[in-house]
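Please read the structure below before turning to the comments.
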Amino acid sequence: MAEITAAMVKELRERTQAGMSDCKNALVEARGDMDKAVDVILKKGIVKAAARAGRVASEGEVATWIAPDARRGVIVEVNCQTDFVSRGDDFKLFVKNVVDVASKAAKGADLGASKYPGTDKTIEQVRQEMVAKTGENTVVRRWGSLEAKEPGGQVVAYVHAGGRLGVLVHAEAPDTRNADFCAFVENVAMQVAAMNPRVVRREEIGQGELAKQKEIFEAQLKEEGKPQQAWPKILEGKVAKWFTEVTLLGQDNVWDPPAGTIDKIRQELSKKLGGEAKILEFVRFELGEGVEKPPPDDLAAEVAKTIGG
């Protein structure tokens, strides 16, 4: 029998969208024959799920959970194909239970292989049943978590537009119960949602990324015909402005514009608290971001095919 390699399991998963363990078991049963392994997957009843797995799932919900002591938070994105399914009770219950599992899982754990609450099935198995029941592809796309291990740390969540966008923020202060600090962190979470910064502070921007951005600015200056001797000063200004766009602390705040940047507000708050208020990290999930959606004509053809079939 041919050795079952990770590459073979990956290929079978891509061909069938079955779970990793299902793919491995099918390859073992098929003695390493890929085509026979596909037949095994289909014959075991995963055919209905596999048949729909190629369809683009970019609707759904981003959901969050915060521990009662605000020391840990999780964020999960579950996708389906249509807004109609995402509003259904079955889908919402599935999302709720996935979040519940994530709240107890170790960072980076495979949620699909975890037990689904109240059953002896895995999340992946229940997901496949959802696909078969709704006729739409459903995907537990990603999840993340933040944990406050320092004494004055806390995690705050913000969900926007009924689950189309979610944010976790990890912050620290001498007194996390201070009303001004709590309001600041909640506003920062909304800032992250609205302005989509890439990092908290400029030190987190790698030298390679900075060099690439400078190359882009140089190409723009060349295209604009700016004299080369003026480039250094212009580049300095462009890079400085870029930092105010991509760093959270460098952005102008959206809730009280006259108050200035996030970092300026943070510094003023630190003086009030008698110790430093810090924004340490954040996670931002926007529903369907990065998912390539089919052109309208293709989508219409797929719907027509589904109805006709």
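The values are calculated or read from the model by the stated rules, or taken from the named source; none is laboratory data. Not measured: the values here are computed from a predicted model. Neighbour counts are summed over all protein chains in view; Cβ atoms, including those assigned to glycine, are modelled from backbone coordinates with ideal geometry. Accessible surface areas use protein heavy atoms only, side chains included; no ligands, DNA or RNA. Shrake-Rupley method; radii C 1.70, N 1.55, O 1.52, S 1.80 Å.
Considering only residues of region 259-273 that are open to solvent by 70 Å² or more (accessible area, probe 1.4 Å) and basic (Lys, Arg), which is nearest to the chain's Cα centre (by Cα)?
Going through region 259-273, the residues open to solvent by 70 Å² or more (accessible area, probe 1.4 Å) turn out to be 264, 267-268, 271-272.
Filter again for basic (Lys, Arg), leaving 264, 271-272.
Details: Lys264: 29, Lys271: 34, Lys272: 34 Å.
Step by step, filter region 259-273, then rank; the result is Lys264.
Examine region 81-92 for a residue that is small (Gly, Ala, Ser) and within 17 Å of Gly60 (Cα to Cα), and state whether such a residue exists.
First, the residues of region 81-92 that are small (Gly, Ala, Ser): 86, 88.
Now narrow it down to the ones that are within 17 Å of Gly60 (Cα to Cα): 86, 88.
Checked region 81-92: at least one residue is small (Gly, Ala, Ser) and within 17 Å of Gly60 (Cα to Cα).
Quickly run through region 136-184 and pick out the residues that are in a loop (DSSP other than H, G, I, E, B), buried (at least 20 other Cβ atoms within 10 Å of the Cβ) and of a type in the set (A, V, I, L, M).
Ala148, Ala173
Suppose we keep only residues that are of a type in the set (Gly, Ala, Ser) and open to solvent by 30 Å² or more (accessible area, probe 1.4 Å) within region 229-258. Which one would you say is nearest to the chain's Cα centre (by Cα)?
Initially, region 229-258 is screened for residues of a type in the set (Gly, Ala, Ser), giving 230, 237, 240, 250.
Imposing the further condition that a residue be open to solvent by 30 Å² or more (accessible area, probe 1.4 Å) reduces the set to 230, 237, 240.
Values: Ala230: 41, Gly237: 32, Ala240: 28 Å.
Restricting to residues being of a type in the set (Gly, Ala, Ser) and open to solvent by 30 Å² or more (accessible area, probe 1.4 Å), the top hit is Ala240.
Residue by residue through region 131-164, note down the ones that are touching a helix residue (DSSP H, G or I) at 6+ places or on another chain (Cβ under 6 Å), of a type outside the set (Val, Ile, Thr) and either farther than 19 Å from Asn97 by Cβ or modelled with pLDDT of 90 or more (or both). Show your work before the answer.
The first filter runs over region 131-164 and keeps only residues touching a helix residue (DSSP H, G or I) at 6+ places or on another chain (Cβ under 6 Å), leaving 131-132, 134, 136-138, 140, 143, 156, 158, 160.
Okay, now just the ones that are also of a type outside the set (Val, Ile, Thr), so 132, 136-137, 143, 158, 160.
Those that are touching a helix residue (DSSP H, G or I) at 6+ places or on another chain (Cβ under 6 Å), of a type outside the set (Val, Ile, Thr) and either farther than 19 Å from Asn97 by Cβ or modelled with pLDDT of 90 or more (or both): Trp143, Tyr158, His160.
Kindly indicate whether Phe84 is open to solvent by less than 40 Å² (accessible area, probe 1.4 Å), of a type in the set (Phe, Trp, Tyr) and assigned to a helix (DSSP H, G or I).
Working: open to solvent by less than 40 Å² (accessible area, probe 1.4 Å): no; of a type in the set (Phe, Trp, Tyr): yes; assigned to a helix (DSSP H, G or I): yes.
So Phe84 does not fit the description; no.
For region 103-126, how many residues are part of a helix (DSSP H, G or I), open to solvent by 20 Å² or more (accessible area, probe 1.4 Å) and more than 23 Å from Ile66 (Cβ to Cβ)?
Selection size over region 103-126: 4.
Across region 89-112, what is the number of residues that are modelled with pLDDT under 95 and over 19 Å from the mean Cα position of the chain (by Cα)?
The number of residues fulfilling the criteria is 2.
Within the group Ala193, Ala189, Ala219, Ala277, which residue is surrounded by fewer than 13 Cβ atoms within 10 Å (Cβ to Cβ) and among the aliphatic types (A, V, I, L, M)? Before the answer, list the steps.
Values: Ala193 fails: surrounded by fewer than 13 Cβ atoms within 10 Å (Cβ to Cβ); Ala189 fails: surrounded by fewer than 13 Cβ atoms within 10 Å (Cβ to Cβ); Ala277 fails: surrounded by fewer than 13 Cβ atoms within 10 Å (Cβ to Cβ).
Of the residues listed, the single one that is surrounded by fewer than 13 Cβ atoms within 10 Å (Cβ to Cβ) and among the aliphatic types (A, V, I, L, M) is Ala219.
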